[in-house]
Amino acid sequence: MEIFGVNYQIVRVKEDKFFGIRKEWIEETPVSTTDKEKTVIDCLDKPHNAGGIIEVAKAIKNSSLNYRQLMAYALRIDNFAVVRRPGYLCDKMDVPINLPSPRSKKYLLLDPTMPAKGENDPKWRLVINHDALLTESPE
């Protein structure tokens, strides 16, 4: 759908993922939005809807996030990748966050929008399939 020259995609979300929501007002109309931490978690859950993992990394590095809240949301969303991805990104950017290491031996993709090739990170059990994270710091 296009509105005023901007393309929008409607995305269905399971009911148990509805949290971190706050009410904003645009003129006299109430609008529900997610807080910054939930927005980052949603982007980690579905990176293809958020411009890929690099955009999420930029948000983690450049935002004034409540990392305790980010960690709680990551654990609540019930997606193993959403725990592993911020764990890896925060480790690489020296951002303090305390997420559990994965128990599963299966490796997941850091960025599911990219080809499935790259180095394996044994701590987070991720295939690091995005070179930009290894060679440059997100700005």
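All of the numbers you see were taken from the coordinates with simple rules; none came from a lab. Please read all numbers here as calculations on a predicted model, not as lab measurements. Positions of Cβ are generated from backbone atoms using ideal geometry, with glycine treated the same way; all protein chains shown enter the neighbour counts.
At R0 = 25 Å, how high is the FRET efficiency between Thr113 and Lys23 if r is their beta carbon distance? Nearest 0.05 is fine.
It comes to 0.20.
Find the centroid of the Cα atoms in the range 37-68 and in the range 93-130, then give the distance between the two in whole Å.
With the range 37-68 and the range 93-130 each reduced to a Cα centre, they are spaced 15 Å.
Compare Ile41, Ile97, Ile21 in a GNM of the chain, Cα atoms joined below 10 Å, and give the one with the largest fluctuation.
Result for the chain, Cα springs under 10 Å: Ile21 fluctuates most.
Mind listing the phi-derived Karplus ³J(HN,Hα) values for the range 97-114, rounded to whole Hz, using 6.51, -1.76 and 1.60 with θ = phi - 60°, and x for any glycine or proline?
In residue order, the calculated couplings are 8, 10, 10, x, 5, x, 8, 6, 7, 6, 8, 10, 7, 4, 10, x, 8, 10 Hz.
Running a GNM on the chain with Cα contacts under 10 Å, which residue among Asp78, Asp91, Asp16 ends up with the highest mean-square fluctuation?
Asp16
Can you compute 3J(HN,Hα) from phi for each residue in the range 9-15, using the Karplus curve 6.51 cos²θ - 1.76 cosθ + 1.60 with θ = phi - 60°, rounded to whole Hz and x for Gly and Pro?
Working through the residues one at a time gives 10, 7, 10, 7, 10, 4, 4 Hz.
Using the Cα centre as the reference, give the magnitude of the dipole from point charges on the C-beta atoms of the range 18-135 (Lys, Arg: +1; Asp, Glu: -1; all else neutral), rounded to the nearest 20 debye.
Working: 18 positive and 15 negative charges, 115 e Å.
For this selection, approximately 560 debye.
When Glu37, Glu2 are ordered from fewest to most other Cβ atoms inside 10 Å of their Cβ, what list results?
With the sparsest Cβ surroundings first, the list reads Glu2, Glu37.
Cut-off is 10 Å between beta-carbons; in what order do Thr39, Thr33 appear when sorted fewest neighbours first?
Ascending number of Cβ neighbours within 10 Å: Thr33, Thr39.
Once you list every other residue whose beta carbon is under 15 Å from the beta carbon of Asp78, what net charge do they have if Lys and Arg are +1 and Asp and Glu are -1?
+4
So which lysines pass the test for Lys23, namely a Cα distance under 18 Å, with those fewer than 8 places away in the same chain ruled out?
List returned: Lys36, Lys38.
Match the structure shown to one of the listed values (i) 1.00; (ii) 1.10; (iii) 1.31 of Cα Rg over 2.2 N^0.38 Å, computed from it, and give that label.
Entry (ii).
Through the Karplus equation 6.51 cos²θ - 1.76 cosθ + 1.60, θ set to phi - 60°, convert the phi angles of the range 52-58 into ³J(HN,Hα) values in whole Hz; use x for Gly and Pro.
x, 5, 4, 5, 5, 4, 4
With each label point set 7 Å from Cα along the Cα-Cβ vector, what nm distance links Lys106 and Ile10?
The answer from the label model is 3.1 nm.
How high is the relative contact order of the range 1-134, given as a whole-number percent (alpha carbon pairs under 8 Å, six or more residues apart)?
Relative contact order comes out at 17 percent.
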